[in-house]
1. Given a cut-off of under 8 Å on Cα pairs at least six residues apart, what relative contact order in percent is computed for the chain?
2. Mind checking the full-extension length gain between residue 86 and residue 144? Use 0.36 nm per residue of separation minus the Cα-Cα distance, one decimal, nm.
3. Given a 1.4 Å probe and heavy atoms of the protein chains only, how would you sort 65, 75, largest accessible area at the top?
4. Rank 120, 73, 49 by accessible area, highest first, at a 1.4 Å probe radius?
5. Let me cross-check residue 66: its accessible surface, 1.4 Å probe, with only protein heavy atoms counted, in Å² to the nearest 10?
6. Can you pull the accessible area of residue 72 for me, 1.4 Å probe, Å² to the nearest 10?
7. How long is the gain from residue 71 to residue 23 if the chain were fully straight, where each residue apart is worth 0.36 nm and the alpha carbon distance is subtracted?
8. Please build a GNM for the chain, connecting alpha carbons under 10 Å apart, and tell me which residue among 144, 13, 86 fluctuates the most.
Amino acid sequence: MTQSDPDLPLLKDLASGQADAVRRLVATKLPRLLALAMRLLGDRMEAEDVAQETFLRVWKVAPTWKSGTARFDTWMHTVALNLCRDRLRRRGRLQFGMTPDREDPAPSAEVVLQRGQQTDAVAGALGKLPERQREALILQYYQDLPNLDAAQAMGISTRALESLLSRGRRRLRELLSE
């Protein structure tokens, strides 16, 4: 290790197995490692996992650390950075800065509530329609029957079905706009 590496005494203590050295290492390095991982990953638990894995690697490397290649602190941050990149790749994206929260693909509670209210309103309005109009609309829109099949099911002509559908939709709009 080079003389300019301020972590040289700490590494020697770690290599010799001094318990206090581990506490000093964590006390001095953990805040910066967590900050780095939090900025990259945007998740506290993942940041803590990265810091823990970095310290495990430090523990393994400390006895065999080779001087002259890089400062120990630089190497440790490179390890943490690479661990973060691995996690981001596993997520399917590699980006820097705060990772934005993903939008939940499920509809929001407000949307679910609005849809429920709309469904209730349509069901209430359908219940107020004359029976034949209601049947025509239900067969067409809820059962997805083609006009010919819906007309046959009702025992009427396709033209009569289309007339029922037209009157039913018009009345449904009126009831829903009230």
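The values are calculated or read from the model by the stated rules, or taken from the named source; none is laboratory data. In this text, all values refer to a predicted model and were calculated from it rather than measured experimentally. Positions of Cβ are backbone-derived with ideal geometry, glycine not excepted, and every protein chain shown enters the neighbour counts. Note: areas computed on protein heavy atoms with side chains; ligands, DNA, RNA excluded. Shrake-Rupley method; radii C 1.70, N 1.55, O 1.52, S 1.80 Å.
1. Numbers: 125 pairs, mean separation 33.6, N = 178.
That works out to 19 percent.
2. Numbers: separation 58, 0.36 × 58 = 20.88 nm, distance 4.84 nm.
Extending this stretch completely gives an extra 16.0 nm.
3. On the way: 65 40, 75 65 Å².
In descending accessible area the options line up as 75, 65.
4. On the way: 120 110, 73 15, 49 70 Å².
Correct descending sequence by accessible area is 120, 49, 73.
5. The accessible area of residue 66 comes to roughly 140 Å².
6. 0
7. Details: separation 48, 0.36 × 48 = 17.28 nm, distance 2.01 nm.
Taking residue 71 through residue 23 to full extension adds about 15.3 nm, to one decimal.
8. Checking each option, the largest mean-square fluctuation is seen for 144.
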